[in-house]
Amino acid sequence: MAIDWQPLIDIINSAQRFVITSHVRPDADAIGSEIGLALLLESLGKEVRIINPSETPDHLAFLDPDKRVKKIKSDVTVESSVETDVHIVVDTSAWGQVEAVRQTLEVTPAKKVVIDHHVSSDDLGAIEFKDTGCSATGVLILELCEALGHPPQGMQAVALFAAIATDTGWFRHSNTDARTMRAAARLIDCGVEPHRLFRELYERSSLSRLKLHSIALARASLEFNGRIAYTFVLRKDFDETGAHPSDTEELVNRVLTIDGVEAAFILVQQLDQRVKVSFRSRTDLDVATVAEQFGGGGHKKASGAMLSGPMEAARDAVLRAVETALTP
C-alpha cells in the first residue's frame, strides 16, 4: 500500500534542522537510506546530521566518503544530538535496535518520525511512515524523493541502489517484486552503474574475511532432520584471523544454501560476551517471531536479536525456540 507522503512533506517544509538515525550494526539499507535522505533534505536547504548507535562498517564506508555518519557518545554527545527540530529514524522502529540513541529519542523535544519497512515494531512516540510490504527502506526514500520532485543524483542514487540491492540479496530474495525492479530501473536512469556497485559490495573481500568464513563454514551443523542449519563465530576467531565483525555478513546466507535447509542462523560472540544471532528463512518459517522472543525482530525471512552469553547457552536457547517454531 502506497504511503501518503504529504504529512511528512509538511513536516520537512516547516522545519530546518534534522537528525537521522538508523539501527545498531547498520547494513547497506540503513546507511544507504540515511545518506539518500540526508542529501534529499540538504537539496531542500536543510541542516542535517546523521547520528547512529554504531560505527559504519568498513565495507560500507564507500557510501559515506565524507564520513558524515557519526556515532553517539563517541563523535556526538547525547546533549548535542537533542538539538534539532525533527529526528527521523529509518529502517527500524524498535527500541532495541537504536541502543544508545534511545537516550536522545526519550528526551528530545523534536518531532519524531519513522520511515521503515520492518514488521517488528515498538512505539517510539513517532509519526510512522511504514510499509511492511516494501522490499527495502531505500525504495521508500526514493519514493519520498520523487514525491518532493527531487529525483536522486550522483552518490545519492548509488546509496539508494545499494540499499535496495542488498536488502533483496541483489534481487534474488522473495521480497523482490515489480515495485523493487522499477525502483532499481529508475535509479539506473539516474546514473547508477550496477556492475561497479556490485564490485564495491561483493568483490573486495580481504584474506582475513575469507579465513574467518572458512572457520565458520567448517562449523556448520544441521539440526531437526536437516531442516535447520547454523554456525557460530567466537571472539578468538577475529583475533586469530584479523577479521572485522562486519566480515560475518553474508555467512548466514551461505549456510542457508545447504540443500534441504528451511532456515539458518549464525551466532556471533561480542566483545562483552553477548551473542548476536542472525536468522534467515527460505520457507514459510517466520524467523521474525523467533527473534522477537529474544527482544529482536525484523522480517519474516530475515531477522536478528542479541542474547546474553555464554555461547553455548545462547545456542541452546535459539535451538529450542526454532524447534517450537517448526512444530505444527
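The values are calculated or read from the model by the stated rules, or taken from the named source; none is laboratory data. For clarity, every value in this text was computed on a predicted model and none was experimentally measured. Cβ sites come from the backbone with ideal geometry, for glycine too, and all protein chains shown count toward neighbours.
Just checking, does segment 316-326 include any residue being farther than 21 Å from Glu99 by Cβ and of a type in the set (Ser, Thr, Tyr)?
Yes; the residues of segment 316-326 include at least one that is farther than 21 Å from Glu99 by Cβ and of a type in the set (Ser, Thr, Tyr).
Every residue in segment 87-116 that is touching a residue at least 40 places away in the same chain (Cβ under 8 Å), within 26 Å of Asp4 (Cβ to Cβ) and under 17 Å from the mean Cα position of the chain (by Cα), please.
Correct list: Ile88, Val89, Val90, Asp91, Thr92, Ala94, Gln97, Val98, Ile115.
Confirm whether Thr283 is over 20 Å from Leu217 (Cα atoms), free of Cβ contacts under 8 Å to residues at least 24 places away in the same chain, among the hydroxyl-bearing types (Ser, Thr, Tyr) and part of a helix (DSSP H, G or I).
In short, no.
On the basis of being of a type outside the set (Asp, Glu), under 17 Å from Pro57 (Cα atoms) and in contact (Cβ under 8 Å) with a residue 60 or more places away in the chain, does Leu212 make the cut?
no
Can we say Val139 is part of a loop (DSSP other than H, G, I, E, B), closer than 26 Å to Ala305 by Cβ and under 14 Å from the mean Cα position of the chain (by Cα)?
The answer is no for Val139.
Taking the condition surrounded by fewer than 24 Cβ atoms within 10 Å (Cβ to Cβ) and either without any contact (Cβ under 8 Å) to a residue 60 or more places away in the chain or touching a helix residue (DSSP H, G or I) at 6+ places or on another chain (Cβ under 6 Å) (or both), does Asp272 pass? Give the steps one after another, and end with the answer.
Values: surrounded by fewer than 24 Cβ atoms within 10 Å (Cβ to Cβ): yes; either without any contact (Cβ under 8 Å) to a residue 60 or more places away in the chain or touching a helix residue (DSSP H, G or I) at 6+ places or on another chain (Cβ under 6 Å) (or both): yes.
Here the answer is yes, as Asp272 does meet what is asked.
With respect to Gly149, is the statement that it is without any contact (Cβ under 8 Å) to a residue 40 or more places away in the chain, in contact with a Gly (Cβ under 8 Å, 6 or more places away or on another chain) and either assigned by TED's automatic domain parsing to the domain that holds Ser22 or in a loop (DSSP other than H, G, I, E, B) (or both) true?
No.
Quick one: would you say Asp123 is under 22 Å from Gly298 (Cβ atoms) and surrounded by fewer than 20 Cβ atoms within 10 Å (Cβ to Cβ)?
yes
Can you confirm whether Ile164 is in a helix (DSSP H, G or I), closer than 24 Å to Ala264 by Cβ and either out of contact with any strand residue (DSSP E or B) (no Cβ under 9 Å at 6 or more places or on another chain) or among the charged types (D, E, K, R) (or both)?
Considered against the rule, which asks whether it is in a helix (DSSP H, G or I), closer than 24 Å to Ala264 by Cβ and either out of contact with any strand residue (DSSP E or B) (no Cβ under 9 Å at 6 or more places or on another chain) or among the charged types (D, E, K, R) (or both), Ile164 comes out as yes.
Take the conditions surrounded by 18 or more Cβ atoms within 10 Å (Cβ to Cβ) and basic (Lys, Arg) and apply them to Arg209. Does it pass?
yes
Given the condition small (Gly, Ala, Ser), in a loop (DSSP other than H, G, I, E, B) and surrounded by fewer than 15 Cβ atoms within 10 Å (Cβ to Cβ), answer yes or no: does some residue in segment 313-324 qualify?
Checked against the condition, which is being small (Gly, Ala, Ser), in a loop (DSSP other than H, G, I, E, B) and surrounded by fewer than 15 Cβ atoms within 10 Å (Cβ to Cβ), segment 313-324 yields no hits at all.
Which residue is surrounded by the most Cβ atoms within 10 Å (Cβ to Cβ), if the candidates are limited to segment 91-107 and must be modelled with pLDDT under 95 and hydroxyl-bearing (Ser, Thr, Tyr)?
Selected residue: Thr92.
Out of all the residues in segment 290-298, is one or more at pLDDT 95 or above, outside any loop (DSSP other than H, G, I, E, B) and out of contact with any helix residue (DSSP H, G or I) (no Cβ under 7 Å at 6 or more places or on another chain)?
There is no residue in segment 290-298 that is at pLDDT 95 or above, outside any loop (DSSP other than H, G, I, E, B) and out of contact with any helix residue (DSSP H, G or I) (no Cβ under 7 Å at 6 or more places or on another chain).
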